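I have placed the structure first, in the form of structure tokens, so that the comments after it can refer back to it.
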Amino acid sequence: MQASPIKKPPMTIILLAAIIVALTVGIVLLLIFIKNQAAPVRGIAPLVTIQAMEPNSAEWGKNFPNQYSTLLQTADNKTRTTYGGSEPVQKIEADPRLVTIFAGNPFSKDYKDDRGHQNALIDVRETNRLSDKTPGTCYSCKSADNPKLWANMGMEAYDKTPFSEMSKQINNPIGCANCHEANTMRLIITNPALDTALKAQGKDWHTFTRQEMRTVVCANCHVEYYFQGESKLLVFPWKNGTTIEDIEKYYTENGFVDWTHTTSGASMIKMQHPDYELFSASSTHYNAGVSCADCHMPYTRAGAVKFSTHNVKSPLLEPNTSCGACHTDVDYVVNRAKIIQNQVHTTMISTEDALVAAIETIATSAKDPKADPAKIEEARKLHRSAQLRWDFIAAENSMGFHNPTEALRILASATDLARKAQLKALEALQPAK
Ligand code: HEC
Ligand code: HEC
Ligand code: HEC
Ligand code: HEC
């Protein structure tokens, strides 16, 4: 007998096919189920509605306890690093050259290192640099009350009000309202001076990417600025750009002078803390798209929740979290950071020696009745140019780490200008040929 060409499939194969069909249907149903689930929410769902520009961070903290509790931790950071950290070291005592360099400026009396965000109000109220003439403008980067006050009274009126008067309306240190829009929690620019400065360069922050905002939000405060005119209006000198040369050009064009140096007689500019300008001047990290928040507010875990730590501090205190997010060899990059900082510091001290020599030589020459006044004036201009460059790096907070090549370039040019100032002051005493 011939075997039938079509074999009946054995029982096991029928069973297998049935299982496959059942599994496929099951998976499809499961996928449909997953797709229809609500998107997972990071953290906890909002509990309360926050008023626009709410100055009290504790209110926002009801919805976002992790961000709030880490913000509060900035009050208690005390650990020092070689060049940073959170202790208010008196820079004047650490480096007496600064007394000569800042002669005639309040910084020669009191110049402390910065501390955590939660201390901003205490520290601005305690500094010996305050006087009856101090304008309200000094509160511009210290308080979460500002966005609401600026909206209600306008920045012009705020800045014109004396510091002591403004104190009555300012109760909260830096907080959520300085960086976030209530409820959407979007990062926003809250300082009108930053908005104006960006517009002057043809930039509109509303078009910035999220990653750009993670840097620009810090530029609300960590920048060079000055108080313009009698009304002491807060202005960022960025119209020509944000490099030190652009900023010097701006001040020269506007004839702005912070103070007259009591020893050299030069018309000086005091730099504030151009962290944003130095970092964004084509540093390796900036060009690679790294943001301030990547290093200073790294993601942290609390149980199952991942959030940005709001305990903003020196990244060298917890390099595994800060640098380790991108670098596999953390010890190597931390060591590189130390080498960079030491190198910038040594170079900066040589620049200070050159500045002190220039200041003393100008003072001696200027006292001599035979000195050529035109050359003394030239020497003073060189002193101003040298010192504002040095100060751009000295007042910046990272001891060059944010942009090592730019820091060393600027210090080299500052030393050169200071030595030229000294030579010009000596030349002023030589009889005309
Ligand atoms: C690649 C990482 C990185 C990025 C990006 C970065 N920083 Fe830093 N920052 C550092 C390091 C490292 C230090 C040095 C800390 C020290 O010396 O203890 C520092 C120091 C500081 C300090 C002084 C801290 C202290 O302890 O006194 C401030 C303020 C600061 N940075 C602000 C900023 C701002 C604003 C930006 C963006 C414009 C920025 N940083 C971008 C790594 C970074
Ligand atoms: C100095 C500016 C600054 C302050 C002050 C600030 N934040 Fe943030 N916050 C940021 C930055 C930068 C991010 C990262 C945003 C991103 O990645 O888009 C962030 C992220 C967040 C997020 C998103 C989730 C996360 O953790 O990444 C929440 C929620 C938040 N902040 C809540 C708060 C609350 C609440 C306060 C006040 C207690 C506060 N923030 C104060 C800058 C700030
Ligand atoms: C509203 C203004 C404001 C904003 C916005 C702001 N800062 Fe600050 N920041 C300050 C002031 C003022 C201090 C110094 C406080 C003091 O010394 O009491 C400071 C201090 C710091 C310090 C030193 C902390 C320490 O322990 O020494 C770091 C680091 C820092 N800021 C980084 C950042 C970064 C990164 C951002 C953006 C995510 C940012 N800040 C946004 C005003 C601001
Ligand atoms: C968000 C990612 C990110 C974080 C966080 C980060 N880095 Fe980097 N870092 C980079 C990238 C990208 C480069 C460029 C690498 C390249 O081009 O080879 C770089 C380069 C460097 C370099 C070489 C710089 C140069 O000029 O050649 C050093 C040093 C360094 N990082 C140190 C640090 C330290 C210290 C920290 C922590 C405070 C840190 N980085 C945090 C991404 C990061």
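Among GLU126, GLU352, GLU181, which one shows the highest mean-square fluctuation when the chain is modelled as a Gaussian network with alpha-carbon springs under 10 Å?
GLU126
Please list, ordered by chain and number, the residues whose modelled amide H lies under 5 Å from the amide H of ALA302; skip anything fewer than 5 residues away on the same chain.
Residues meeting the criterion, in which the H sits 1.01 Å from N, are PHE307.
So the label point goes 7 Å from the Cα of GLU212 along Cα→C-beta, right? Which residues of the range 166-190 then have their backbone N under 13 Å from it?
Only 189 pass the distance filter.
If R0 is 35 Å, what FRET efficiency do you get for ALA325 and LEU423 from their C-beta distance, rounded to 0.05?
FRET efficiency, ALA325 to LEU423: 0.10.
Relative contact order, percent, of the chain when contacts are C-alpha pairs under 8 Å separated by at least 6 residues?
15 percent
With a sphere of radius 15 Å drawn around the Cβ of ILE376, what net charge do the other residues whose Cβ falls strictly inside it have (Lys, Arg +1; Asp, Glu -1)?
+2
Can you give the Rg/Rh ratio of the chain, where Rg is from the C-alpha atoms and Rh is the Kirkwood radius?
Radius of gyration over Kirkwood radius for the chain works out to 1.17.
Set the Förster radius R0 to 60 Å, insert the Cβ-Cβ distance between GLU181 and ILE19 as r into 1/(1 + (r/R0)^6), and round the FRET efficiency to 0.05.
After rounding, the FRET efficiency stands at 0.65.
Between ASP95 and GLU230, how many nm apart are label points set 7 Å from Cα along the C-beta direction?
3.8 nm
State which entries of LYS142/LYS249; LYS370/LYS420; LYS112/LYS270; LYS112/LYS239; LYS62/LYS168; LYS381/LYS424 exceed 22 angstrom in Cα-Cα distance in the structure shown.
Pairs exceeding 22 Å: LYS142/LYS249; LYS112/LYS239; LYS62/LYS168.
Here, each number is a calculation from the coordinates, and none is a lab measurement. Predicted model only: the values in this text are computed from it and were never measured. Quick reminder, even Gly has a Cβ in these numbers, built from the backbone with ideal geometry, and neighbours come from all protein chains shown.
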